[in-house]
Amino acid sequence: MPDTFDVVVIGAGPGGYIAAIRAAQLGFRTACIDDWSRADGKPAPGGTCTNVGCIPSKALLQSSENFEQIGHAFAEHGISVTNPTMDVARMLARKAKVVAQNNDGILYLLKKNKVAFFHGKGAFAGKDGQAWKIAVSGATAAELAATHVIVATGSKPRALPGVAFDNLRILDNDGALAIPAVPKRLGVVGAGVIGLEMGSVWRRLGAQVTMLEALPSLLPAVDAAIAKEAQKLFARQGLVIHTGIGITSVTPGKDDVEVDYTDAAGKAQSATFDQLIVSIGRVPYTGELGAEVAGLAIDERGFIVVDDDCRTNLPNVWAVGDAVRGPMLAHKAEEEGVAVAERIAGEKPHVDFDTVPWVIYTSPEIAWVGRTEQQLAAAGVDFRAGQFPFAANGRARALGDTRGFVRILADRKTDRILGVHMIGPMVSELIAEGVAAMEFGAASEDLARICHAHPTLSEAVKEAALAVDGRTLNL
Ligand code: FAD
Ligand code: NAI
């Protein structure tokens, strides 16, 4: 007899495990299936985000930033450290510990919320009356019956055509997070979010990093003023970024990898690297899900087809996160997971895709929400822009990091905030104010009139809002 549940979630990444917790909170008998394992075979829930994405990348970004600070920024505080060294094995062990703490935390949360966890692969195995049959294979083999199924199977790295990842010379995100010794020459194909974050980590530790980007300019989705500033600051740090390139071949050798490409002028070029990170985007993952058994519709790019409410073509089957349209972000997956659980309960939640924030955790950080200047111009929207530099912010001076600025775009007529864009210290945290303001339909005048604590970096947000009306107080 199958184990019967109201809701079965396939995948325990941020989309899946959060959906399972919310479903259980709403009183549903809930199960969650995930196949990710630790080195010792124990379950490792948390998906890409916890195991080879958000969490380990931020752990390495912090370790490498500490190293960079000690070498370059501490002296001006009067702290002298001679010849600091980096123990890469210890840094990687700390990263593994942080990941394991998060795996354990998720297992605890599932248990606390009485979600039954199955460690293995979940696949559609037909129907039993109105219920969906789900077969679990692997560590905890089982047969489940579910009234509702939420598919949250995530995504996988995209490879260059004909160039397989070996995670020795040609690295995906997993390999990029586990290079055992700092490479002398590190190549990165794709100067997007992963390329910039992982390139920054290894550059800070001493690698000579060369990034090869197909598009003619860096970060086209970012507000043009911010992208320009970022390019300038990254170049100053020593990140070499070639845009407008076309990869012609990648040849891994025993100790290195050769990359042939055409440069922006169409001239043939060749470069040799110790390792090559390929970060050219990710593709949805639905393999081994038995999608064809159930008749689950998948589009030509591999995404599960869903409507605005995450409903698939099948009754009572939902899909969330990286496996469906929209930005591949952990917090977007979580919001969809919560909303689906609430819809199953008959509630009417709403996910506002226009206010999903983005953060790139380089140094300085880049963060934004809403529309960019180029999007507004293309849509013919009349707007005013207000900008305030961290160089004029007292807290930034005290921190010793005055790079970057906050930029707010507001409708010229109504003053409603249309976009908030930032580059600078801790903007990953500051962007939340922009998100809240936009969610509440705030005008720039509203932000400008809110009392901000002094001295804080957040005063730069208030000043940028004042700048929209041309009345900054500290510039
Ligand atoms: P996933 O996290 O991919 O989880 C899917 C889970 O389902 C996996 O555990 C998978 O093994 C499991 N699974 C798949 N098929 C089956 C099956 N048939 N049966 C059982 N289990 C199955 N996003 C951010 O918002 N902030 C960041 O800072 C950030 N940093 C990132 C850094 C890197 C290097 C990478 C690669 C990604 C990063 N992301 C970041 C993106 C983020 O990781 C994803 O958007 C997020 O993990 C998507 O969540 P998900 O639940 O849809 O899928
Ligand atoms: P990406 O889409 O951010 O960047 C890929 C880059 O590769 C683009 O600039 C693209 O023009 C370039 N490219 C594509 N094909 C190429 C080719 N053949 N040759 C050279 N360049 C090529 O994808 P990335 O960096 O792989 O990350 C995947 C996703 O993971 C992100 O889009 C994001 O959704 C998520 N992520 C989020 C993070 C965050 O929130 N901080 C951090 C890391 C990943």
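The values are calculated or read from the model by the stated rules, or taken from the named source; none is laboratory data. Everything numeric in this text was worked out from a predicted model, so none of it was measured. Here the Cβ positions follow ideal geometry from the backbone for every residue, glycine too, while neighbour counts run over all protein chains shown. Calculation scope for accessible area: heavy atoms of the full protein, side chains included, ligands and nucleic acids excluded. Shrake-Rupley method; radii C 1.70, N 1.55, O 1.52, S 1.80 Å.
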- request: Please report Rg over Rh for the stretch 355-468, where both radii come from the alpha carbon positions and Rh follows the Kirkwood definition.
  value: 0.95
query: If each of residue 4 and residue 254 carries a label point 7 Å out from its Cα toward its Cβ, how far apart are those two points in nm?
result: 6.4 nm
statement: With residue 330 itself left out, Lys, Arg at +1 and Asp, Glu at -1 over residues whose Cβ is under 13 Å from its Cβ give -1
- prompt: Taking all protein chains as present, what is the carbon and sulfur share of the accessible area of the stretch 170-279, in % to the nearest whole number, probe 1.4 Å?
  reply: 54 percent
Under Karplus coefficients 6.51, -1.76 and 1.60, residue-wise ³J(HN,Hα) of the stretch 77-88 in Hz, glycine/proline x: 8, x, 9, 10, 10, 8, 6, x, 10, 10, 8, 4
message: Considering only C-alpha atoms, what is the centroid distance from the stretch 181-206 to the stretch 385-408, in Å?
response: 27 Å
query: Hey, could you pull the Cα Rg and Dmax for the stretch 170-279, both in Å?
result: 13.3, 43
Rounded tilt (10° steps) of 427-439 against the dominant C-alpha axis of the chain: 70 degrees
task: Using just the helices of the chain, give the 222 nm mean residue ellipticity in deg cm²/dmol: DSSP H runs with n ≥ 4 each add -39,500 (n - 2.57), and the total is spread over all residues, rounded to 500.
output: -9500 deg cm²/dmol
Crossing angle, helix 330-344 versus the chain [Cα axis fit, 0-90 degrees, rounded to tens]: 40 degrees
- request: Scale the Cα Rg of the stretch 300-411 by the rule-of-thumb value 2.2 N^0.38 Å and send over the ratio, two decimals.
  value: 1.43
query: Given the chain, what whole percent of its Cα pairs are spread farther than 43 Å?
result: 19 percent
- prompt: About its Cα centre, how strong a charge dipole does the stretch 1-135 have in debye, to the nearest 20, once Lys and Arg get +1 and Asp and Glu get -1 at the Cβ?
  reply: 440 debye
field: From phi via Karplus (6.51, -1.76, 1.60), per-residue ³J(HN,Hα) for the stretch 152-165 in Hz, x at Gly/Pro
entry: 9, 8, x, 9, 10, x, 8, 9, 5, x, x, 10, 6, 6
field: the stretch 375-475, relative contact order [Cα under 8 Å, separation at least 6], %
entry: 31 percent
message: Using the Karplus curve 6.51 cos²θ - 1.76 cosθ + 1.60 with θ = phi - 60°, what ³J(HN,Hα) values do you get for each residue of the stretch 174-181, in whole Hz, with x for Gly and Pro?
response: 4, x, 5, 8, 9, 5, x, 9
Estimated FRET transfer efficiency when R0 is 41 angstrom, pair residue 240-residue 469 (beta carbons, to 0.05): 0.50
- prompt: Taking only Cα atoms, what is the 0 to 90° angle, nearest 10, from helix 459-468's long axis to the longest principal axis of the chain?
  reply: 80 degrees
field: Unit charges on C-beta of K, R, D, E only; dipole of the stretch 224-372, Debye
entry: 480 debye
query: How much area per residue is accessible in the chain when the probe is 1.4 Å and only protein heavy atoms are counted (Å²)?
result: 45 Å²
statement: Toy charge model, Lys and Arg Cβ at +1, Asp and Glu Cβ at -1: the chain dipole around Cα centroid in debye, rounded to 20, equals 700 debye
